[in-house]
1. Per residue, what accessible area does the range 47-123 have, given a 1.4 Å probe and all protein chains present, in Å²?
2. Placing +1 at every Lys and Arg Cβ and -1 at every Asp and Glu Cβ, with all other atoms neutral, what dipole size does the chain have around its Cα centre, in debye to the nearest 20?
3. Bin by bin, in steps of 10 Å, what percent of the Cα pairs in the chain do you find, going until the bin that has the longest distance?
4. Compute the angle between helix 33-47 and the longest alpha-carbon principal axis of the chain, please, reported from 0 to 90 degrees and rounded to the nearest 10.
5. I'd like the orientation of helix 197-209 relative to the chain: the angle between its Cα long axis and the longest Cα principal axis, in ° from 0 to 90, rounded to 10.
6. Once the Cα atoms of helix 3-28 and of the chain are each reduced to a long axis, what angle between those two axes, in degrees from 0 to 90 to the nearest 10, is obtained?
7. Any chance you could look up the accessible area of Cys6 with a 1.4 Å probe, heavy atoms only, rounded to 10 Å²?
8. Report relative contact order for the chain in percent, whole number only (criteria: Cα-Cα under 8 Å, sequence separation at least 6).
Amino acid sequence: MPDTACETWYDYEYHRGMYTQALEQFERRPHNSNAAYELVWAHAVADARPIPPEAQPLAAFPLECLDLLLLLPAGALSSLPSKAVAMAIGWTPALLQKFALEREHPVLIFDEGNSETGTRVVVYFGDDQWVPIVFSRRHTLTGHTRFFSFPALIRAITFLYEFWHSEPIRDQCDSGYFGARWLRDNLIREYGRGADHWEGIEQGWTWLENV
């Protein structure tokens, strides 16, 4: 077996073993959120590796463990790989808000569109008046145009991870005429009712929950 093939085999088998161990731990503690977190992490890492020829595939992943991620302390969910977070939100939609609020400057994430025009995932960063100026003036966003659209949830989450500790630049945001204006205008209005960025985003989430 060539050296590269050997490395691939041992790398896969090592992470398959870690996943199997995490799965056994979860089966012994099926209501423990820490065990669920470790299982999700181990599965994401192992699943990212190609399966060598004749290697044993990963054991079935118990999707019900994703519900327990709602019990994790703040900051834990966003420490998982982006693909795992997207899978978890797909199974447990309530995790979307939990994830969005874990960012130091939290955001709104929502679906926009319909089956006829196509659905996109939108991230709203709020008004930059509350955001510390950390970029040069040419990169500073202005006004209420901090909406960013993506064709899929995984793309939105990957983008957020890229800007988890910083703010995205103007060139990447939607134009002021793009999107469902009634929805975006209402979120801008709700955001403006907050005393600061946190309150504005919380106002937006409350409004989305009641639409």
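1. Working: 3800 Å² over 77 residues.
On a per-residue basis, 49 Å².
2. Numbers: 17 positive and 28 negative charges, 100 e Å.
Result for the chain is approximately 480 debye, rounded to the nearest 20.
3. Reading the bins upward from 0: 8, 29, 29, 19, 12, 3, 0.
4. The angle comes out near 80 degrees.
5. In the chain, helix 197-209 runs at an angle near 80 degrees to the longest axis.
6. For helix 3-28, the angle is close to 80 degrees.
7. 40
8. Details: 240 pairs, mean separation 29.9, N = 211.
This gives 14 percent for the chain.
The values are calculated or read from the model by the stated rules, or taken from the named source; none is laboratory data. Being a predicted model, the structure only gives us computed values, none of them experimental. Every residue, glycine as well, gets a Cβ built from its backbone with ideal geometry; the counts of neighbours run over all protein chains shown. These area figures cover heavy atoms from the full protein model, side chains too; ligands, DNA and RNA do not enter into them. Shrake-Rupley method; radii C 1.70, N 1.55, O 1.52, S 1.80 Å.
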